[in-house]
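I have placed the structure first, in the form of structure tokens, so that the comments after it can refer back to it.
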Amino acid sequence: FLSYHSITELPYIYLSVALLAGTIISLYTRYAVKLPLRGFILSSYAFIISTVIVFWYLITFFNPGWVHYAFYIWSAIVVVVAVSQFWTLASGSFTPREARRLFGILTAGGTLGGIAGGLSAKWAVYFLIETGQLLWLIAALFAGACGVVWLATREHRKFQASANDGDRPSRGAEAEDSGGIFGLIRESRYLQIIACLIFISVI
């Protein structure tokens, strides 16, 4: 973004991200709980991959100024949606006891993934490809994520069928019954504190 725009334009992009991301995430949380989780995630990833291809085409052949704004805002929204979908899938796949044991490991994996992604992008640009071609890496990673989601939900269904435990609803069902993620936050002081910490740290 700063290769083509002045640093004084950054406040406008930050404000745009906040306004648009807030609107889109509120719509997402309202309607996502009504849809089958696996199909919704796979459809979202397919949409993300298609928009990556569109951005690559626009940046490679035209590179208009507005596309830098659009890509910056798009990337911020995609990060929020993808992370929220991951934790929705995880919360519906594990019991609270399993979650307490495993979610710390999953969070550490996310941190390592961020480090590996940054280093990989740096090395890829330095040794192999131009910056614009990194968009194909994004598409490839989301394609791989589609496969992981498909396998994870298939294995989870097999486990549920073998356990034959229909008495305890999953966390995903609880979230739907309580009004989605906002319902969970309203009912949990712990989640409210986490949300405040995230809000402060982002500012």
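The values are calculated or read from the model by the stated rules, or taken from the named source; none is laboratory data. These figures come from a predicted structure and were not determined experimentally. Neighbour counts are summed over all protein chains in view; Cβ atoms, including those assigned to glycine, are modelled from backbone coordinates with ideal geometry. These area figures cover heavy atoms from the full protein model, side chains too; ligands, DNA and RNA do not enter into them. Shrake-Rupley method; radii C 1.70, N 1.55, O 1.52, S 1.80 Å.
Would you mind stating whether residue 20 is more than 29 Å from residue 149 (Cβ to Cβ), among the aliphatic types (A, V, I, L, M) and either without any contact (Cβ under 8 Å) to a residue 24 or more places away in the chain or open to solvent by 50 Å² or more (accessible area, probe 1.4 Å) (or both)?
On the way: more than 29 Å from residue 149 (Cβ to Cβ): no; among the aliphatic types (A, V, I, L, M): yes; either without any contact (Cβ under 8 Å) to a residue 24 or more places away in the chain or open to solvent by 50 Å² or more (accessible area, probe 1.4 Å) (or both): yes.
Answer is no for this residue.
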Discussion item. Give all pairs with beta carbons closer than 9 Å in which a residue from segment 186-201 that is among the aliphatic types (A, V, I, L, M) meets a residue that is at pLDDT 75 or above and surrounded by 10 or more Cβ atoms within 10 Å (Cβ to Cβ); count only pairs at least 6 apart in sequence or on separate chains.
Written reply: 194/188
Item to complete: Determine whether residue 59 is in contact with a His (Cβ under 9 Å, 6 or more places away or on another chain) and closer than 30 Å to residue 4 by Cβ.
Response: yes
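Those residues that are among the aliphatic types (A, V, I, L, M), over 30 Å from residue 157 (Cα atoms) and touching a residue at least 24 places away in the same chain (Cβ under 8 Å), I need them from segment 28-67; list them, please.
If we filter segment 28-67 for residues that are among the aliphatic types (A, V, I, L, M), which is where we start, we get 32-33, 35, 37, 41-42, 46, 48-49, 52-54, 58-59, 67.
From what is left, the residues that are over 30 Å from residue 157 (Cα atoms) are 52-54, 58-59, 67.
Result: 52, 53, 59.
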Practice prompt. Among residues belonging to segment 115-128 that are open to solvent by 60 Å² or more (accessible area, probe 1.4 Å) and of a type in the set (A, V, I, L, M, F, W, C), point out the one that is nearest to residue 44 (Cα to Cα).
Written response: 115
Response to the item:
All-but-one check, residue 171 against (1) open to solvent by less than 90 Å² (accessible area, probe 1.4 Å); (2) at pLDDT 75 or above, failing number (2)
Discussion item. Looking at segment 28-59 only, could you name the residues that are more than 18 Å from residue 136 (Cα to Cα) and open to solvent by 80 Å² or more (accessible area, probe 1.4 Å)?
Written reply: 30, 31, 34, 35, 36
Worksheet entry | Hits in segment 129-146 - residues which are more than 19 Å from residue 47 (Cα to Cα) and either in contact with a His (Cβ under 6 Å, 6 or more places away or on another chain) or open to solvent by 70 Å² or more (accessible area, probe 1.4 Å) (or both) | 130, 131
Worksheet item: Consider residue 83 against the criteria (1) closer than 29 Å to residue 111 by Cβ; (2) at pLDDT 90 or above: it satisfies all of them except one. Which criterion is unmet?
Response: (2)
Item to complete: Please specify each residue of segment 72-101 satisfying the condition of being open to solvent by 50 Å² or more (accessible area, probe 1.4 Å) and under 8 Å from the mean Cα position of the chain (by Cα).
Response: 79, 80, 83, 86
Worksheet, complete the sentence: Log entry, pairs with first residue in segment 4-17 being under 13 Å from residue 70 (Cα atoms), second being hydroxyl-bearing (Ser, Thr, Tyr) and surrounded by 10 or more Cβ atoms within 10 Å (Cβ to Cβ), beta carbons closer than 6 Å, six or more apart or on different chains, reads 13/72
Item to complete: Keeping to segment 32-84, report how many residues are outside any helix (DSSP H, G or I) and among the β-branched types (Val, Ile, Thr).
Response: 1
Worksheet item: Inside segment 24-41, can you point out the residues that are modelled with pLDDT of 85 or more and either closer than 29 Å to residue 68 by Cβ or hydroxyl-bearing (Ser, Thr, Tyr) (or both)?
Response: 41
Worksheet item: Conditions: (1) part of a helix (DSSP H, G or I); (2) more than 15 Å from the chain's Cα centre (by Cα); (3) of a type in the set (A, V, I, L, M). Residue 2 meets all but one. Number of the miss?
Response: (1)
Discussion item. Testing residue 25 on (1) open to solvent by 30 Å² or more (accessible area, probe 1.4 Å); (2) under 29 Å from residue 153 (Cβ atoms); (3) over 15 Å from the mean Cα position of the chain (by Cα); (4) not charged (D, E, K, R), one condition comes back false. Which one is that?
Written reply: (3)
